[in-house]
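Structure first, commentary second.
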Amino acid sequence: MIADGLDRAFDLLLVLELSRLARSEDLPLLIRRLKHRDVRIVGIQDGFDSSARTARMQAGMAAIMGGEYIEMISRRTYSALEMRAREKRATGGRTYGYDSERRPDPDEAAIVREIFARFAAGESMRAIAADLNMRGVPSPGAAWDRKARRRDGRWLVSGLHTILHNELYIGRVVWNRRQWVKDRDTGRRIPRERPREQWIVHEDASLALVERDVWDRCQARLGRPGGGRIGPVRYLLSGLLECGICGSKMTIYGGSTRRYGCATYRGGGVHACANNLSVRQDLAEELILEPIVEDLLAPEAVEEMVAYMRAELRREQIRPAAAVPDVERIDEQIRSLERLLQLGAVAKAAIEQAERERREV
């Protein structure tokens, strides 16, 4: 709807009230964007009209009230969950191996024990995930109503990693260990660990599915380099390449020769995704960056930027202002831009020479 409004597909938007449009500081900005495109917004119950003189103030107040309402609901939800945690009751979020009331599920519990036993015996997570997928064992996400990739819910290394770190399988319940905070720039939710004094912890031997010695052997492996620890390492094309078969992201792996490959195939084997294609990191980055660098340093691009800057400077000169523009300063800026044009040509020639030497080597 917002995309259609910004494309001027309609000129009037009716909402029950402004909170149906947004409940955050984004509301005034969204209204301004739509209004700039001649889209009028009318709230039926709260009497809002974006064409009214008081619309800006009303939208600002609605955003504040909507944000406070969300915070109030969040505080009430947190308080209710905290009470349940102190009473040693389930706080939601069914864990694989149990039902919603934390009663062990016989079939899933058997798979949990198998995962811990195999990993403690030295088997890799990738081998375990591939075997579970080959046998058709439903993964923890198999029943999820997925809207995007991996709708079949296959086993992946990341899922096994989560299971092997979950203390609930040894009967230790920890609540309030971390909170999820939304990154306003990326829109992603980021976990942040709370101080230990805020955790609510209790032991319940009836919940244990795994023997303590098996758990300890698994944690010893997870704590060693190469034992399965997953870190937030990012590379030049991280998050930008996607598998053409399953739609998951292409991740990087390998030792001295790193390669981009399908994360689902790497994490779950051929029965999770059949795409075993991989591309060398240096080759993928060269093929993608080369046309970008050429476009940025092309004489036509630099000339276009110089022309754009000159036009902006001319508009600055003719714009009504209290002070007269500094002609010498503008001339110096033009000379700097002309030097930039020459520099672009020199840089392009240098890059071409370096590429020729690289091919010869």
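Here, each number is a calculation from the coordinates, and none is a lab measurement. All values derive from a computational prediction rather than experimental measurement. Positions of Cβ are generated from backbone atoms using ideal geometry, with glycine treated the same way; all protein chains shown enter the neighbour counts.
Summary of values
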item: Cα gyration tensor, the range 2-86 - rounded (a/c under 1.5), prolate or oblate; result: prolate
item: In sequence order, calculated HN-Hα J values of the range 176-184 (Karplus, 6.51, -1.76, 1.60; Hz; x Gly/Pro); result: 6, 5, 9, 10, 9, 10, 7, 7, 5
item: On Cα atoms only, tilt of 212-223 relative to the major axis of the chain in degrees; result: 30
item: Rel. contact order, % - alpha carbon contacts under 8 angstrom, at least six apart, the chain; result: 10
item: Fewest-first ranking of HIS36, HIS202, HIS161, using other Cβ atoms within 10 Å as the exposure measure; result: HIS36, HIS202, HIS161
item: Ranked list, fewest to most other Cβ atoms within 10 Å of each Cβ, for CYS243, CYS218; result: CYS243, CYS218
item: Relative packing of 70-77, 264-271, 28-35, which averages over residues the other C-beta atoms within 10 Å, highest first; result: 264-271, 28-35, 70-77
item: Cysteines without a disulfide-compatible neighbour (Cβ-Cβ under 4.7 Å), the chain; result: CYS218
item: Sorted by Cβ neighbour density within 10 Å, fewest at the top, the residues THR257, THR95, THR54, THR162; result: THR257, THR54, THR162, THR95
